[in-house]
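What follows is a short report on a single structure.
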Amino acid sequence: MLSTRLPEFVRTHYECHEWKHASAILSSDFPSEWQDILDLLLAFRLRTSWIRTGGGNKSQLSAAIDGFLGRRGWVEKQFQTAIEVDGQRIDSPTHKVDCYKNGIALEIEWNNKDPFYDRDLNNFRLLFDLRAVSVGVIVTRSDELQQTFNELGRGSSYGNSTTHMSKLLPRIEGGGGAGCPLLVFGLTRALLVED
């Protein structure tokens with residue numbers, strides 16, 4: 001059960017969801033990667049300056065997560081896949097995974113348009129079916145953060161059609177990730193620090 005595998009801080013500061021025994025697979029078969037994810041969640045704080053500042057190509061939040069995991073050997077990865085029928089090969093490369101290490105794929109969806117969830121879940125499904133990924137992880141934001149965005153005068157930049165938990169969960173419950181074990185962590189107001 002997920003809650004028994006998570007430190008109390010993670011349980012109280014994140015909205016946590018699991019499908020297909022993802023935490024059991026991570027903790028028993030990928031203990032190093034599981035520890036990296038837990039250490040990230042324990043160390044992470046949501047800075048108000050990241051909310052006040054526009055993201056550009058990559059938000060400061062995404063860069064902070066990428067940097068933390070990158071120092072532990074996680075990399076951005078695109079898989080070169082192809083379909084071959086009767087000797088005719090058709091390249092079919094996947095979308096890049098934000099952070100990848102030893103069969104574990106982690107995506108950061110902070111403030112994209114919500115169809116990005118479909119892309120991530122489809123990528124996890126395909127890579128799981130091809131035995132390239134064992135568990136998919138998504139770090140996104142809890143719905144409750146909208147109140148914080150409004151208070152900081154940035155509510156219109158983080159609207160209903162952008163990535164947040166209530167846009168993701170129905171996609172997963174509807175089978176979006178197919179057979180891929182999934183973990184989802186939603187950032188909450190409890191992580192907020194003024195800087």
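Bear in mind that the values in this text are calculations on the coordinates, not laboratory data. None of the values given here were measured: they were computed from a predicted structure. Every residue, glycine as well, gets a Cβ built from its backbone with ideal geometry; the counts of neighbours run over all protein chains shown.
Just checking: which of the strands (runs of 3 or more DSSP E) contained wholly in region 80-135 hold 3 or more residues that are over 26 Å from ILE51 (Cα atoms)?
Values: elements: 82-85, 88-91, 97-101, 104-108.
Answer list for region 80-135: 82-85, 88-91.
Hey, any hits in region 150-164 for a residue that's closer than 27 Å to LEU26 by Cα and either out of contact with any Lys or Arg (no Cβ under 8 Å at 6 or more places or on another chain) or part of a loop (DSSP other than H, G, I, E, B) (or both)? First the steps, then the outcome.
Applying the first criterion (closer than 27 Å to LEU26 by Cα) to region 150-164 yields 163-164.
Next cut, either out of contact with any Lys or Arg (no Cβ under 8 Å at 6 or more places or on another chain) or part of a loop (DSSP other than H, G, I, E, B) (or both) only: 163-164.
Yes, that holds for at least one residue.
In region 1-25, what count of residues is obtained for those that are part of a loop (DSSP other than H, G, I, E, B) and out of contact with any strand residue (DSSP E or B) (no Cβ under 9 Å at 6 or more places or on another chain)?
Summing the residues that are part of a loop (DSSP other than H, G, I, E, B) and out of contact with any strand residue (DSSP E or B) (no Cβ under 9 Å at 6 or more places or on another chain) in region 1-25 gives 2.
Can you tell me which of TRP110, TRP50 is of a type in the set (Phe, Trp, Tyr) and under 21 Å from LEU182 (Cα atoms)?
Numbers: TRP50 fails: under 21 Å from LEU182 (Cα atoms).
TRP110 is the lone residue from the list that is of a type in the set (Phe, Trp, Tyr) and under 21 Å from LEU182 (Cα atoms).
Among the residues of region 6-18, which ones are in contact (Cβ under 8 Å) with a residue 12 or more places away in the chain and surrounded by fewer than 16 Cβ atoms within 10 Å (Cβ to Cβ)? Talk me through it step by step, then tell me what you get.
Our first condition is that a residue be in contact (Cβ under 8 Å) with a residue 12 or more places away in the chain; within region 6-18, this holds for 6-7, 9-10, 12-18.
Result: PRO7, PHE9, THR12.
Which residue, of SER32, SER62, SER23, is under 19 Å from LEU183 (Cα atoms), polar (S, T, N, Q) and in contact with an Asp or Glu (Cβ under 9 Å, 6 or more places away or on another chain)?
The conditions single out SER62.
Would you check if ASP118 is exposed (fewer than 15 other Cβ atoms within 10 Å of the Cβ), of a type in the set (Asp, Glu) and under 13 Å from the mean Cα position of the chain (by Cα)?
Working: exposed (fewer than 15 other Cβ atoms within 10 Å of the Cβ): yes; of a type in the set (Asp, Glu): yes; under 13 Å from the mean Cα position of the chain (by Cα): yes.
Against the criterion (exposed (fewer than 15 other Cβ atoms within 10 Å of the Cβ), of a type in the set (Asp, Glu) and under 13 Å from the mean Cα position of the chain (by Cα)), ASP118 qualifies.
I'm trying to understand the selection: among the residues of region 143-195, which are more than 22 Å from LEU6 (Cβ to Cβ), charged (D, E, K, R) and either surrounded by 19 or more Cβ atoms within 10 Å (Cβ to Cβ) or without any contact (Cβ under 8 Å) to a residue 12 or more places away in the chain (or both)?
Scanning region 143-195 gives GLU151, LYS167.
Tell me, please, whether a residue that is surrounded by fewer than 17 Cβ atoms within 10 Å (Cβ to Cβ), part of a loop (DSSP other than H, G, I, E, B) and touching a residue at least 40 places away in the same chain (Cβ under 8 Å) can be found in region 26-46.
The answer is yes; a qualifying residue exists.
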